[in-house]
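Report on the following structure.
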Amino acid sequence: YIYQRSTGRKIPIYASISMMPTQDYETDDFQYIISSTLPIFYMLSFLFPVSRMVRALVLDKELEIKEGMKMMGLTDFAYNVSWLITLLVQMVLVSALIVGVTGSTVFEYSDKGYVFLYFVMFAVSIIMFCFLLAAVFSKSKSAALIGPLLFFATFFPYYAVADDSYDSSTKMSACLLAPTCFALGAGVFADFE
């Protein structure tokens, strides 16, 4: 067109339209299938550690070990921090094991450091939940049975708010329960995978 305007000679123009070449879209059926079941699998993997942690905390209270240590001069801060460090080390190992086992299959495209950080933050909330449950129970056997049931029960609001029809404020309110928040996050991980 510019050449025609500048020289005045008529040149035939042949125009054509075609698609820009792109790669074919590939779907990962594994991620599609596991995205609906991923949260429940991870919740089940944390049931046994929750049972052991609640039992240990309540057994410590049942045997009155804390009172004996306080008589020897131990402060409440040192006692609580020692339990926090002990339980945190255990849960970091559980989190590392889960990320190590599922990192190459379930979290194939995600940064493993972020996934590990996500699991560790959930582990800290589990530990605080176990401290809360330990304050309620006085017998270690009943705590070991009922504690994981309560922990698992706090997961089920996830099924109520997981639908996209709920607004973000409803989901954030449900995220006050750590297992529900964890399940919503696991669903986001699966969607991005």
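Close Cβ contacts (under 7 Å, 6 or more residues apart or on different chains) running from residues in the range 172-193 that are closer than 17 Å to V50 by Cα and without any contact (Cβ under 8 Å) to a residue 24 or more places away in the chain to residues that are open to solvent by less than 70 Å² (accessible area, probe 1.4 Å) and among the β-branched types (V, I, T) comprise L177/T154. On the given criteria, is S6 hydroxyl-bearing (S, T, Y), out of contact with any helix residue (DSSP H, G or I) (no Cβ under 7 Å at 6 or more places or on another chain) and over 22 Å from G187 (Cβ atoms)? Judged against the criteria, S6 is a match.
Only one entry of S142, S138 meets the criterion of being over 17 Å from the mean Cα position of the chain (by Cα) and either outside any loop (DSSP other than H, G, I, E, B) or among the aromatic types (F, W, Y) (or both), and that entry is S142.
Checking each residue of the range 105-119 against the condition of being touching a Ser or Thr at 6+ places or on another chain (Cβ under 7 Å), modelled with pLDDT under 90 and assigned to a loop (DSSP other than H, G, I, E, B) gives no match. Listed by position, the helices (runs of 4 or more DSSP H) inside the range 1-95 whose residues that are in contact (Cβ under 8 Å) with a residue 60 or more places away in the chain and surrounded by 10 or more Cβ atoms within 10 Å (Cβ to Cβ) number at least 3 are 29-34, 38-45, 47-62.
The values are calculated or read from the model by the stated rules, or taken from the named source; none is laboratory data. All values reported here derive from a predicted model rather than from experimental measurement. Neighbour counts run over all protein chains shown; Cβ positions are idealised from the backbone, glycine included. These area figures cover heavy atoms from the full protein model, side chains too; ligands, DNA and RNA do not enter into them. Shrake-Rupley method; radii C 1.70, N 1.55, O 1.52, S 1.80 Å.
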